[in-house]
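> Would you mind keeping the following structure in view while I ask a few things?
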Amino acid sequence: MTERVPVTDGGIDSDIRATRLRVLLRGALWALFVVGLGIVFIFPATMIVIGVFRDGLPTAADVPWTFDGFVAALSNPATWTTLLNSLILVAAGGTISTAGGAFFAWIGTNTDVPFRRALTPLMIINLFIPPLFYTFGWIMLGNAQNGLFNQVLRNLWGVEGLINIQSWGGLIFTISLGFVPFAYLLMLGAFRNRDQSLDEAASISGAGTFRTFFTITIPSVGPAITGAAILIMVLIFQSFENPYLLGKPAGIDVFATQIYAYIRDTTPAQYTSAFTLSLMVILLVVVLFSIQRGLLRGRSFTTLTGKTSRRDPVRLGAVRWVFAALILLFLLLNLVIPLGAVLLGSLQPTFGVLNRLTLDNYTAVLADPLLRSSLVQTAWVSVVGGLIAMSVAFLTTYIVLRRRGFLRAYVSLAMWIPWALPGIVLSLAFLFAVLAVPGWSGLYGTPLLLGIVLVVATIPLCVRLIEGALAQLSPELEEAGKVSGASQSRVFLTIVLRLILPSFLTGWFLAALFISGNLAVPMLLAPPGFQPVAVTALTLYVNGDYSGAAALFMIILFAAAIVIGLVGLSRLLGSRISARTSATNHAP
């Protein structure tokens, strides 16, 4: 007989204490997580509201609470001019970008247009080009004095300054083209998954291709289109590089550039006016999301059912070659021409001199200790900041998808706040936050504060990149791991992280590129002696050294291309090794 081991009260008490300890530890960790999100994401945003009614820095003694600055900002005609300019840019750019993205998404998924399969890789490649680099390329092409286009017109026909990219037309043109890839990728899934039998039914009823497109196709993907339009408009509200480089020289101020002017270009700085404009931006973003909810409330957009849906492409006939030409034109305008201008400019000894090309600018950049230091600093901040941003986005998105109730709503709110704030506004909020807390004031004017704000500004992008991969991961896989005896941490590391690793690495790379090209945050927070590439290149541009700035940009893009190649090669080798391993395991 087997001897029965008696269960003592001491053993039961020990198990109870251990269980209570685990519960307390888990609760403490969750509390720390909630407090940390509040400190990093929510507390700085509250400084915007406080700053509207306090006239001065938080460190100033006896700062009064007053409505004077708020009233003065609203009474200033410049405020309403800035609002009108911002609304024009958002409406025009958002409409064109969304329409272009929807058009190309339809071509790529529902038609027989040649080159349609190249659309998705083309749009993804466009995302690898930071807005600052893209804008600089168009300045080199369309500058009224010595842009490449105007040089060609001057040399061939003697026409002077016909094209001026630093104007309303140039600003709307570049903003619209630049955000088409975002709109395309946001709507791609909706166009790909819709039931095309609806189009066939319309065709049988006598509707033509274009009538079907506007009356059936577009309404059936209404949520995707309105969602993409709202997000694109929010992103345009946040834009700083295009309005600063293209609009400011033409006297066109939008929210981001006017807020920066109140802080940096005015003596003394008008913080109350800057915060008033920041609050207006937040309210406008809230209005945009409210409009989206109102448009979609009570409407049904179900197009996927239990029945098999058709995936036959729409036959467009001869017009498909026109659409193919539009794809090539978009490729030229949004990628080849601006990047080609930067590359050509980087090889010119002096920008505008086309009779001799040289690598002297690259040699000068790599030989200059300050420029070389800028490249190294940017590389470190981008790689480390991108990893941190992607890790935080991964963790928080996982919680949102796997949790319910207060925690899910709280995390969603915290992640939404940086998305609603332009980089300049976010930088200003953090600046006042660290000055308001005595223990944090040491962060002021340090690279650490710059890195923190760059990470926070990048996290919303990382959330959008990782949430698709996590949404496709069924909770059943995790449940199976737990049933097999694996702990929560082991399930997370060996199942969840392993399956989304390719998406994580891609997001890390994109986050690093986003940080490297971010101009708004360093413009306000970069400390002396720590100048990222974006600020250094802008300094070269302002000083008239276009070729040096172009060489600096191209070095960053060359490094990015090498990383892309290495990542692609590693994934190719990994897939081949997996295929060989699978073949070996199945061999008799």
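> State the extension gain, in nm to one decimal, for the chain segment bounded by ARG404 and ALA324, taking 0.36 nm per residue of separation less the distance between their alpha-carbons.
The ARG404-ALA324 span can extend by a further 24.2 nm.
> Oh, and also: Keeping all protein chains in place and using 1.4 angstrom, which order do ARG17, ARG408 fall into by accessible surface area, from largest down?
Most to least solvent-accessible, the answer reads ARG17, ARG408.
> With a/c under 1.5 counting as rounded, go ahead and sort region 77-195 into rounded, prolate or oblate using the C-alpha gyration tensor (a ≥ b ≥ c being the square roots of the eigenvalues; past the cut-off, prolate if a/b is larger than b/c, else oblate).
Oblate, since a/c reaches 1.5 and b/c is not below a/b.
> Could you rank the peptides 128-136, 330-338, 43-51, 556-564 by their average count of other C-beta atoms within 10 Å per residue, with the highest value first?
For the peptides 128-136, 330-338, 43-51, 556-564, the packing ranking is 128-136, 43-51, 330-338, 556-564.
> Same structure again: Using modelled backbone amide H atoms (1.01 Å from N, in-plane), which distant-in-sequence or interchain residues come within less than 5 Å of ARG54's amide H?
Hits under the 5 Å cutoff: THR66.
> Same structure again: So if I place +1 on the C-beta of Lys and Arg and -1 on the C-beta of Asp and Glu, and nothing else carries charge, what would the dipole magnitude of the chain be about its Cα centre? I want it in debye, nearest 20.
1620
> Explain nothing, just compute: Karplus ³J(HN,Hα) = 6.51 cos²θ - 1.76 cosθ + 1.60, θ = phi - 60°, for every residue of region 346-356 in order, whole Hz, x for Gly and Pro.
Per-residue couplings from phi come out as 5, 9, 8, x, 9, 4, x, 8, 9, 7, 8 Hz.
> Which of the listed residues, THR19, LEU343, VAL49, is farthest toward the dipole's positive end in the chain, when Lys, Arg count +1 and Asp, Glu count -1 at the beta-carbon?
It is THR19.
> Could I ask something else about it? Give, in nm to one decimal, the length gained when the segment between PHE289 and LEU357 is fully stretched (0.36 nm per residue of separation minus the Cα-Cα distance).
19.5 nm
> Rounded to the nearest whole Å², what accessible area per residue is found for the chain with the 1.4 Å probe?
Heavy-atom accessible area per residue stands at 49 Å².
> Express the relative contact order of the chain as a whole percentage, based on alpha carbon pairs under 8 Å and six or more residues apart in sequence.
Relative contact order of the chain: 19 percent.
> Then there is this: Quick one: putting +1 on the C-beta of Lys and Arg, -1 on the C-beta of Asp and Glu, what dipole do you get for region 102-250 around its Cα centre, in Debye to the nearest 20?
120
> Whole-Hz Karplus ³J(HN,Hα) for region 140-152, in order, using 6.51 cos²θ - 1.76 cosθ + 1.60 and θ = phi - 60°, x for Gly and Pro?
After applying 6.51 cos²θ - 1.76 cosθ + 1.60, I find 5, 7, x, 4, 5, 7, 9, x, 4, 4, 5, 5, 5 Hz.
> Once you have a ≥ b ≥ c as the square roots of the Cα gyration tensor eigenvalues for region 157-275, tell me rounded if a/c is under 1.5, and otherwise prolate or oblate according to whether a/b is larger than b/c.
oblate
> Dipole of region 22-154, Cα-centred, from +1 at each Lys and Arg C-beta and -1 at each Asp and Glu C-beta, to the nearest 20 debye?
It comes to approximately 560 debye.
> Further question on the same structure: Could you point to the label whose value was computed as Rg and Dmax of the Cα atoms in Å for the structure here, given (1) 27.0, 109; (2) 26.5, 97; (3) 25.3, 86?
(1)
> Considering only protein heavy atoms, what is the solvent-accessible area of ASP545 at a probe of 1.4 Å, reported in Å² to the nearest 10?
60
> Using a ≥ b ≥ c from the Cα gyration tensor of region 324-417 (square roots of the eigenvalues), is it rounded, prolate or oblate, where a/c under 1.5 gives rounded and otherwise the larger of a/b and b/c decides, a/b for prolate?
Because a/c hits 1.5 or more and a/b fails to exceed b/c, region 324-417 counts as oblate.
> Using 0.36 nm per residue, how much length does the chain from VAL437 to SER14 gain when fully extended, once their Cα-Cα distance is taken away?
Gain on extension, VAL437 to SER14, equals 148.0 nm.
> Give the carbon-plus-sulfur fraction of the accessible surface of the chain in %, rounded to a whole number; probe 1.4 Å, heavy atoms of protein chains only.
67
> Now for a different question. Amide H of THR111: which non-local residues (sequence gap of 5 or more, or other chain) have their own amide H closer than 5 Å, using H built in the peptide plane?
Long-range HN contacts for THR111: VAL314.
The values are calculated or read from the model by the stated rules, or taken from the named source; none is laboratory data. For clarity, every value in this text was computed on a predicted model and none was experimentally measured. For neighbour counting, all protein chains shown are included, and Cβ atoms are generated from backbone atoms with ideal geometry for every residue, glycine included. Protein only, heavy atoms only, side chains kept; ligands, DNA and RNA dropped before computing areas. Shrake-Rupley method; radii C 1.70, N 1.55, O 1.52, S 1.80 Å.
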